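Q: A single structure is presented below for examination.
The values are calculated or read from the model by the stated rules, or taken from the named source; none is laboratory data. Keep in mind that this is a model prediction, so the values were computed, not measured. Cβ sites come from the backbone with ideal geometry, for glycine too, and all protein chains shown count toward neighbours. What goes into the accessible areas is simple: the full protein's heavy atoms, side chains included, and nothing from ligands, DNA or RNA. Shrake-Rupley method; radii C 1.70, N 1.55, O 1.52, S 1.80 Å.
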Amino acid sequence: QFPFGRRLPCDIYWHGVSFHDNNIFSGQVNKFPGMMETVRKITLSRAMRTMQDLFPLEYNFYPRSWILPEELPLFVAEVRVMKDSDPSWKPTFIVKPDGGCQGDGIYLIKDPSDIRLTGSIQSRPAVVQEYICKPLLVDKLKFDIRLYVLLKSLEPLEIYIAKDGLSRFCTEPYQEPTLKNLHQVFMHLTNYSLNIHSENFIHSDSVNTGSKRTFSSVLCRLSSRGADVKKLWSDIISLVIKTIIALTPELKVYYQSDIPSGKPGPTCFQILGFDILLMKNLKPMLLEVNANPSMRIEHEQELSPGVFENVPSPVDEEVKVAVIRDTLRLVDPQKKKRKDAHSSRSRLLQGKVGWSGVSSGASPAKPCVILCRRCPRLEHVPESSESLLDAVPAERPEPDAPRSPEAGLPSLCLKQVFPKYAKQFNYLRLVDRVAALFIRFLGVKGTTKLGPTGFRTFVRNCKLSNSNFSMAAVDILYIDITRRWNSMGIDHKEPGMCLQAFVEAFFCLAQKKYKSLPLHEQVLSLIEFCECHLAALDEKRLLWGWG
């Protein structure tokens, strides 16, 4: 440990909370710049809303949300309209402070007017969401799932999901929310840090019982009841990939600010905690994403009043040790060197003896130093239901291959889901392409805001101005949108247009230019239009350079 920094370079830097060291010029860091800001409740809700505007059916796994205080009048008005159209609708809402964690400051309400009674919204912004009133229950208790997701690379995008996670249970039998039970946090909130203070909390030495269990044990019970566990895993994988796709545009802006391309710097990876709630019909709903999921494998036990000791937690150890161990295996820089050396030796051997079973023109098998087998955590789930998380079969060992340093380790518990399933999800990455345009016109390296000159250059280079949309109108659009986003309290330190404001302006331009199309087709058409003009401009500049 180096609490005051380290002068000599490392292969891997493991930061405690966030990416914070600008003096790292090589190696890998376990945090992405800007990740904490990107997964905050308000920023996450904005990103998910943008994707819901583009692809409403694909992003219906995130509850309807409003941002306070700026959208309080909108929240009140929309709830009134929905109640007028359906008098039988008796909603419940959950209010979550933007910077809160471990259940701090969360409360339930039945009516928008109850928000005003708290009095702290102006000083502490929050997100209010529709509360999911019909969750799946196990032993009559509500629970959520903590899944660990490794974002191994941003460009190219590479995502892994742990084959097992934690199921965290409430400690009082669940009842649908009423005015009488709204304040019973042990019934409605699944946060471990809250429920551990309940007298009903059970610390268990078994992964199948108690107030914290493995997700695989819950899957086992669901499977025994005839539930389609294969479809559930498929839906969870889809939720994770779609959520990461929603977050990557903002992350790329932060990344180029802290680690500009063309300059020496580290690469990044990060373990994220996805909190997911299962509805009664087994539909997974995203609750939030945690940039710093707890990796503790012990809990405090009170021996006598005021005297505590740390006691190992078998459930936490079962899941978390494997996640950290296999993250390090995946980012191990020595593994690439071994693989490269292995590949060179393999090519040499192929030239001498060839490969049996490889027909003419076929690609020979690539040597691999990690053997990926089925994770033992899913051993109770039927074979058909875990095919989505089955690892790739082991590669054919080459003759006289040296024993892998990882041969004695358990099989990987982290399964790649992207780019493995990229073909199914790449059509959703529209905002990624908008962010690439934004970054191109930022101008000064290290900034995250687009100035008025950069916005005008974007419009001019992409040939978006015409007789119906003059450069004066361009300036007005920039000023109006930028001023409104800055009034929301979005990062006043740096003047200019943030990515979210640019996305709004881009959507506005797309709607002006392609009026008759659905929004996602309008945005796609404008992206292709801009990319085409910029490619032609780059080609022309290249020819000028040669000249």
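Q: Solvent-accessible area of Leu414, probe 1.4 Å, all protein chains present, reported in Å² to the nearest ten, please.
A: The accessible area of Leu414 comes to roughly 10 Å².
Q: Okay, moving on. I'd like the FRET efficiency for Asp480 and Ser18, computed as 1/(1 + (r/R0)^6) with the beta carbon distance as r and R0 of 45 Å, rounded to 0.05.
A: With R0 = 45 Å, the Cβ-Cβ based efficiency is 0.85.
Q: Same structure, new question: In the range 442-547, which trypsin sites (Lys or Arg not before Pro) fall in coil by DSSP and have 15 or fewer other Cβ atoms within 10 Å?
A: Lys445, Lys463, Lys493, Lys515
Q: Okay, next question. List, in the order given, every pair from Lys230/Lys280; Lys463/Lys513; Lys83/Lys180 whose Cα-Cα distance in the structure shown is over 19 Å.
A: Over 19 Å Cα-Cα: Lys83/Lys180.
Q: How high is the relative contact order of the range 430-541, in percent, counting Cα pairs under 8 Å that sit 6 or more residues apart?
A: Value for the range 430-541: 32 percent.
Q: Tally up the carbon and sulfur contribution to the accessible surface of the range 430-541 as a whole percent, 1.4 Å probe, everything protein left in place.
A: Carbon-and-sulfur percentage of accessible area, whole number: 56.
Q: Okay, next question. Please list, or write none, the lysines whose alpha carbon is within less than 19 Å of the alpha carbon of Lys335, excluding same-chain residues fewer than 8 places away.
A: Lys335 reaches Lys152, Lys366, Lys415.
Q: Per-residue accessible area for Lys283 at 1.4 Å probe radius, Å² rounded to 10?
A: It works out to around 60 Å².
Q: Considering only protein heavy atoms, with the full assembly of protein chains and a 1.4 angstrom probe, order Ser487, Ser211 by accessible area, largest first.
A: Putting Ser487, Ser211 in descending order of accessible area: Ser487, Ser211.
Q: Mind grabbing the accessible area of Trp89 for me, 1.4 Å probe, Å², rounded to tens?
A: Surface open to solvent at Trp89 totals about 50 Å².
Q: Hey, how much of the P(r) for the range 430-541 falls beyond 17 Å, as a percent of Cα pairs?
A: The calculated P(r) of the range 430-541 puts 54 percent of pairs beyond 17 Å.
Q: For the range 430-541, with every protein chain kept in place, what is the accessible area per residue (1.4 Å probe, Å²)?
A: The answer is 50 Å² per residue.
Q: Then there is this: Can you sort His15, His20, His203 by 1.4 Å-probe accessible area, starting with the largest?
A: His20, His203, His15
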